[in-house]
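The values are calculated or read from the model by the stated rules, or taken from the named source; none is laboratory data. Everything numeric here is computed off the predicted structure, so don't read it as measured data. FYI the Cβ positions are ideal-geometry reconstructions off the backbone, even for glycines, and counts take in every protein chain you see. Please note that ligands, DNA and RNA were not included when accessible areas were found on the heavy atoms of the full protein model with its side chains. Shrake-Rupley method; radii C 1.70, N 1.55, O 1.52, S 1.80 Å.
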Amino acid sequence: MHFETLSFSIQEDHIAVVTINRPEKLNALNAEVIDDLDACFSALQADPTVRVVILTGTGEKAFVAGADIQQFTTLTTASATAFARRGQGVFNLIESLGKPVIAAVNGFALGGGCELALSCHVRIASSNARFGQPEVKLGVIPGYGGTQRLPRVVGHGIATEMIITGGMVDAERALNIGLVSKVVEQDQLLETALEMARTIASNAPVAVRLSLESIANSTLPSGVGMDAEAELFGNAFDTDDVKEGVTAFLEKRAANFSGS
Ligand code: COA
């Protein structure tokens, strides 16, 4: 796969690394990046050999510094709504990919960059990372899911503060509020993400997918989520991998999952 604004590689067996590559604009998301993310993640979703994806940005300064502000100069009410829907659609694809996406946040994750990290399933940050939703400083609001996902991740109060002040939080505070699950030095970021990806990739892929699906139901009323969890738990017993996992445990050996 070749993209103008992304680099893409299968780093190791089952692990894909996607890097947003517009360093001269701090990896800001223009329409081309959004189109490339759509095409790239659609292909990753369809590729049965890929079990985990790592998403990061080029350079040492920015993961993604937001939607490309240049685009805002021509938006009208109608085209801005369509603009938000387009980004939301691509970020929803990432969130519902059916395989885990780890955001390796290597610097500024602002506006659409923070929202992109929030659409990933796990976030790891380098110590220089800065998160924020500065849209109100431009006279707009987050439009790629930030008002919905940020409160779910960090809670209503802190999300509201972040969104209406437009302020940034550093990596340490991001860790404290649960916005990221790990902070490491920048030169350790990719290796830390790869280590986590290897652990996930060694687990049963269908069980990982069903786990993501069930976790996504955690915002539903409890009874509905529990019913869905019981059903998904049952679905896991339709796989060869449950036989392999249980047999391997009983035989005191490592499991070798086929993904079926
Ligand atoms: N959209 C378009 N271009 C952007 C951008 C964005 N969101 N963020 C950064 N850039 C561009 C800058 O315009 C600059 O381009 P230029 O060299 O052609 O002038 C280049 O990236 C480098 O950014 P610069 O502002 O010079 O770096 P800095 O270190 O002084 O500041 C930031 C870094 C992240 C604090 C600053 O770039 C910033 O505030 N960006 C906008 C963040 C934002 O509001 N995002 C939400 C958008 S909805």
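Annotations
- Among the protein heavy atoms, those of residue 108 account for about 60 Å² of accessible surface (1.4 Å probe, every chain in place).
- Assuming charge only on the beta carbon of Lys and Arg (+1) and of Asp and Glu (-1), the dipole of the stretch 205-250 about its Cα centre is about 100 debye to the nearest 20.
- Label zone at residue 218 (point 7 Å along Cα-to-Cβ), backbone N below 17 Å, the stretch 121-143: 121-124
- In a fully extended conformation the segment linking residue 186 and residue 199 would gain 2.6 nm over its present Cα-Cα distance, using 0.36 nm per residue.
- Accessible carbon and sulfur surface of the chain relative to its total accessible area, %, 1.4 Å: 56 percent
- Kirkwood-type radius of the stretch 111-228, with distances r between different C-alpha atoms, in Å: 15.7 Å
- Cα gyration tensor shape of the stretch 37-92, rounded if a/c is under 1.5, else prolate or oblate by comparing a/b with b/c: oblate
- Sequence-distant contacts, meaning Cα pairs under 8 Å at least 6 residues apart, place the relative contact order of the chain at 15 percent.
- Using just its DSSP H runs of length 4 or more, each adding -39500 (n - 2.57), the chain gives a mean residue ellipticity at 222 nm of -14000 deg cm²/dmol after division by all residues.
- Shape of the stretch 6-201, Cα gyration tensor, a/c cut at 1.5: oblate
- Per the Kirkwood formula applied to alpha carbons, the stretch 205-250 shows a radius of gyration over Rh ratio, Rg over Rh, of 1.07.
- Chain lengthening between residue 79 and residue 7 when straightened (0.36 nm per residue, less Cα-Cα): 23.0 nm
- When only Cα pairs below 8 angstrom with a gap of at least 6 residues are kept, the stretch 121-195 shows a relative contact order of 48 percent.
- Å³ per residue enclosed by the Cα convex hull of the stretch 178-260: 123 Å³
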